[in-house]
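A.B. asks: Shown below is the structure under consideration.
The values are calculated or read from the model by the stated rules, or taken from the named source; none is laboratory data. Owing to the predicted nature of the structure, the values given are computational and were not obtained by experimental measurement. So basically every Cβ, Gly included, is an ideal-geometry build from the backbone, and we count neighbours across all protein chains shown. Only protein heavy atoms, including side chains, enter the accessible area calculation; ligands, DNA and RNA are left aside. Shrake-Rupley method; radii C 1.70, N 1.55, O 1.52, S 1.80 Å.
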Amino acid sequence: MAGNILRFFVQRFFRRDRLEDDLHTELESHVALETQERIHRGESPESARASVLREFGNVALVSEVTRDMWGFGWVEEAIQDSRYAIRMLRKSLGLSVTVMLMLALGIGGATAIFTVVNGVLLRPLPFPNSDRLVTIWEVPRKSNIPTWWR
Amino acid sequence: MQQKEQPYRNRVELLQGTLDLLILQTLQWGAQHGHAIAQAIRTRSGDVLMVETGSLYPALHRLERQGWLASKWKVSENNQRAKYYALTAAGKKQLASEHSKWRLLVNAMAGVLRPAE
């Protein structure tokens, strides 16, 4: 159910130019039908159309309120905002590039260091009972290695 | 010009949410375009309820988005291309639930408005 609604939404989002035309035609056909009816009742065509339009009110406003019902408002706003952001970044290109480089270096450096620290210091060794591991090595019987080392 | 002589004297403001019920109810008798829906509501209410286009079309589009209506372009009997709306299965279910909600509201109002004994 939720998936269906989402698919419906996405499909319609990419066809919103057609929806726009549809809405225009729909309101236009409403005016035409009402005008026909008034002419049928004996009004002159010109005055019929004029009074229909008067009664209809602000066509642009009606379309806008209807368009709001499609629920694309926030997506379109987000797109507009990103476009604005990109324009602003392009306007001061030097600053943008510097900031991006600093962010890239900063985040990259921190990530690299953390990866090493995480692997070497934080994670336990990948064996069972790793705290009981010992290191064994050989030493020559007679040597001049100092006793404290042995 | 009849409209002018008789201003919206007897008009009743639609309660929030009742427009949905009116639209769903009207479409119960078959698919219709927006203009015919408004006419039907007006006629059946004895010219008391006049749905404005500014409320009707947003409501139709909202109901369609909610999956209660489906729309299709057709040519009307007087040769005008119009967008016809029809109830979906979910719309029928919604109509039934709106019906019972409405009855609840009517009973509640009647209870409150009953003269004290």
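A.B. asks: Please pick out the residue among A:Glu64, A:Glu26 that is more than 23 Å from the chain's Cα centre (by Cα), free of Cβ contacts under 8 Å to residues at least 12 places away in the same chain and more than 9 Å from every other protein chain (Cβ to nearest Cβ).
C.D. replies: Numbers: A:Glu26 fails: more than 9 Å from every other protein chain (Cβ to nearest Cβ).
A:Glu64 is the lone residue from the list that is more than 23 Å from the chain's Cα centre (by Cα), free of Cβ contacts under 8 Å to residues at least 12 places away in the same chain and more than 9 Å from every other protein chain (Cβ to nearest Cβ).
A.B. asks: For the stretch A:2-22, how many residues meet the condition of being at the interface with chain B (Cβ under 9 Å from one of its Cβ atoms) and either touching a strand residue (DSSP E or B) at 6+ places or on another chain (Cβ under 9 Å) or among the β-branched types (Val, Ile, Thr) (or both)?
C.D. replies: 2
A.B. asks: Okay, moving on. Quick one: A:Gln80 ticks every box in (1) open to solvent by 60 Å² or more (accessible area, probe 1.4 Å); (2) more than 21 Å from the chain's Cα centre (by Cα) bar one, so which box is it?
C.D. replies: Here A:Gln80 clears every test but (2).
A.B. asks: Of everything in the stretch A:112-149, what is β-branched (Val, Ile, Thr), modelled with pLDDT of 80 or more and either open to solvent by less than 100 Å² (accessible area, probe 1.4 Å) or part of a loop (DSSP other than H, G, I, E, B) (or both)? Give them in sequence order.
C.D. replies: The answer is A:Thr115, A:Val116, A:Val117, A:Val134, A:Thr135, A:Ile136.
A.B. asks: Just checking, does the stretch A:89-111 include any residue being within 14 Å of chain B (Cβ to nearest Cβ) and surrounded by fewer than 10 Cβ atoms within 10 Å (Cβ to Cβ)?
C.D. replies: no
A.B. asks: Evaluate the following for B:Leu60: is it touching a strand residue (DSSP E or B) at 6+ places or on another chain (Cβ under 8 Å), closer than 28 Å to A:His40 by Cα and either modelled with pLDDT of 90 or more or part of a helix (DSSP H, G or I) (or both)?
C.D. replies: Taking the combined requirement at face value, the residue satisfies it.
A.B. asks: Select from the stretch B:71-101 the residues that are within 14 Å of chain A (Cβ to nearest Cβ), in a helix (DSSP H, G or I) and either under 25 Å from A:Leu23 (Cβ atoms) or of a type in the set (Gly, Ala, Ser) (or both) and list them in ascending order.
C.D. replies: Those that are within 14 Å of chain A (Cβ to nearest Cβ), in a helix (DSSP H, G or I) and either under 25 Å from A:Leu23 (Cβ atoms) or of a type in the set (Gly, Ala, Ser) (or both): B:Ala89, B:Ala90, B:Gln94.
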